[in-house]
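Structure first, then comments.
The values are calculated or read from the model by the stated rules, or taken from the named source; none is laboratory data. Just so you know, these numbers come straight off a predicted model, no measurement behind them. FYI the Cβ positions are ideal-geometry reconstructions off the backbone, even for glycines, and counts take in every protein chain you see.
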Amino acid sequence: MRFFFIIQGEGRGHMTQAITLSQLLREDGHEVVQVVIGMSPQRQIPDFFYSSIKAPVVALQSPNFVTDKNHKSVSPIKTVIHALLKSPVYLKSLRHLARLIDEKQPDIILNFYDFIGGIYHALYRPKARFVAIAHQYLLEHPQFTFAKGRRIDKWLLLLGNRVTRLGADGILALSFRYLPDVPHKKLYVVPPLLREGIRSLIPSNSGHLLAYVVNPGYGEAILSFHKKYPEIALHCFWDQKNKPETWEAGANLTFHSLNDTLFLEKMASCQGYVTTAGFESVCEAMYLGKPVMMVPVEGHYEQACNAVDAEKAGAGIAHDQFDLRVLTNFIPSYRDNSVTFKHWADSSKKIILSYLTRRDGHHFKKENPV
């Protein structure tokens, strides 16, 4: 079967999920004929994506979140206004996407939470099956627990979900843990798509903490913490264009540009991990049995919900600041549930491919592998 990927380029999670799924599909005899990745001027698509996806890649301008001047909190109002002002650019991207799909004639269009992908399907109604896949769709599950308050943010987040999956034939919700499917919503709960390289890693403890921050503004918080506690060894990965690939900011603080191999190596050898409450890297930490502290990006309601869900799954704790002393104090009480999580995560190929590669297009019934 011929697959066409549309990927949101915000952060690294959707990209690494797409890389993993492309590998699983090729191993099963299928082909990824084209990849379109939504990009914005605020984000740089890392080199590892182009080298790992092993398919033709086209980057198109696509709506993304807009942050404040300090590159920390997300502004929903500015995000909407920016999308409206840039609509001529996004319409051009939409037409370009339509031409590519007409040219490649895929059997399945797989949308990794990109807004242009959902709008395309609603307007053009292609013959190919349209499947939406992302952790965000788990928010539509009746058993999901939302972060408290912020009703408008909740409504906007669910609206974003709806736009990215407009008219979808199926919705695959990546999850930290097993939950039953919801067939009447076309919603199917599936394991995370972790990179194959993580399965060969042997966890150890070299004494350092690991941090991953999407927004460069949070690098200042890391630097501030390091000044107070210079004795704590810390490696931090970020997306900062005006800094060298490796920046020694102090005797015990090193900043790294995004590098998938090095990141996993530092993850396997760390004593604890702090992140801005994304999905993918928290799963990797759970797989390796590493305690996690999640600090949701200010104004990013989705990440606040992720933190609640990850706490329920036993990943670690949530906090509102990059105070790594909270993490170091938590580490002695952390309960490692990596055996259960590995069993769930390692079933991803069987479960996800059994849905995607059904030529009759019918949905599958999943059994609890745990």
Mind counting the residues in the range 113-132 that are under 19 Å from Tyr301 (Cα atoms) and under 14 Å from the mean Cα position of the chain (by Cα)?
-> 2
Of the numbered conditions (1) of a type outside the set (D, E, K, R); (2) in contact with an Asp or Glu (Cβ under 7 Å, 6 or more places away or on another chain); (3) surrounded by fewer than 18 Cβ atoms within 10 Å (Cβ to Cβ); (4) at pLDDT 65 or above, Tyr50 satisfies every one except a single condition; which is it?
-> (2)
Return yes when Tyr188 is in a strand (DSSP E or B), hydroxyl-bearing (Ser, Thr, Tyr) and in contact (Cβ under 8 Å) with a residue 40 or more places away in the chain and no when it is not.
-> yes
Being within 16 Å of Val189 (Cβ to Cβ) and in contact with a Pro (Cβ under 8 Å, 6 or more places away or on another chain), is that true of even one residue in the range 107-126?
-> no
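Per-residue answers, yes or no, for (1) free of Cβ contacts under 8 Å to residues at least 12 places away in the same chain; (2) in contact with a Lys or Arg (Cβ under 8 Å, 6 or more places away or on another chain); (3) not in a loop (DSSP other than H, G, I, E, B):
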{"residue": "Met267", "(1), (2), (3)": "no, yes, yes"}
{"residue": "Ala277", "(1), (2), (3)": "no, no, no"}
{"residue": "Val282", "(1), (2), (3)": "no, no, yes"}
{"residue": "Ala285", "(1), (2), (3)": "no, no, yes"}
{"residue": "Glu298", "(1), (2), (3)": "no, yes, no"}
If you check Asn205, Asn215, which single one turns out to be surrounded by 15 or more Cβ atoms within 10 Å (Cβ to Cβ), part of a loop (DSSP other than H, G, I, E, B) and outside the structural domain of Ile53 (by TED's automatic domain parsing)?
-> Asn215
Answer yes or no: is there a residue in the range 318-337 that is within 21 Å of His135 (Cα to Cα), among the aromatic types (Phe, Trp, Tyr) and outside any loop (DSSP other than H, G, I, E, B).
-> no
Looking at Arg199, Arg177, which one is in a loop (DSSP other than H, G, I, E, B), charged (D, E, K, R) and within 21 Å of Leu288 (Cβ to Cβ)?
-> Arg177
Residue tally, condition farther than 21 Å from Ile119 by Cβ, within 12 Å of the chain's Cα centre (by Cα) and either charged (D, E, K, R) or at pLDDT 95 or above (or both), over the range 1-16 | 1
So is Gln271 of a type in the set (S, T, N, Q) and modelled with pLDDT of 95 or more or not?
-> yes
What's the number of the condition Ile171 fails, among (1) among the β-branched types (Val, Ile, Thr); (2) touching a strand residue (DSSP E or B) at 6+ places or on another chain (Cβ under 7 Å); (3) at pLDDT below 95?
-> (3)
If you go through the range 23-46 one residue at a time, how many are of a type in the set (S, T, N, Q) and crowded, with 22+ Cβ neighbours inside 10 Å?
-> 0
Out of all the residues in the range 151-168, which are outside any helix (DSSP H, G or I) and surrounded by fewer than 16 Cβ atoms within 10 Å (Cβ to Cβ)?
-> Gly167
Name every residue in the range 102-116 that is modelled with pLDDT of 95 or more and either in a helix (DSSP H, G or I) or aliphatic (A, V, I, L, M) (or both), in order of residue number.
-> Asp102, Glu103, Lys104, Ile108, Ile109, Leu110
Return yes when Lys312 is in contact (Cβ under 8 Å) with a residue 12 or more places away in the chain and either closer than 19 Å to Lys154 by Cβ or among the hydrophobic types (A, V, I, L, M, F, W, C) (or both) and no when it is not.
-> yes
Across the range 233-249, which residue is surrounded by the most Cβ atoms within 10 Å (Cβ to Cβ) among those that are in contact with a Gly (Cβ under 9 Å, 6 or more places away or on another chain) and more than 25 Å from Gln303 (Cα to Cα)?
-> Ala233
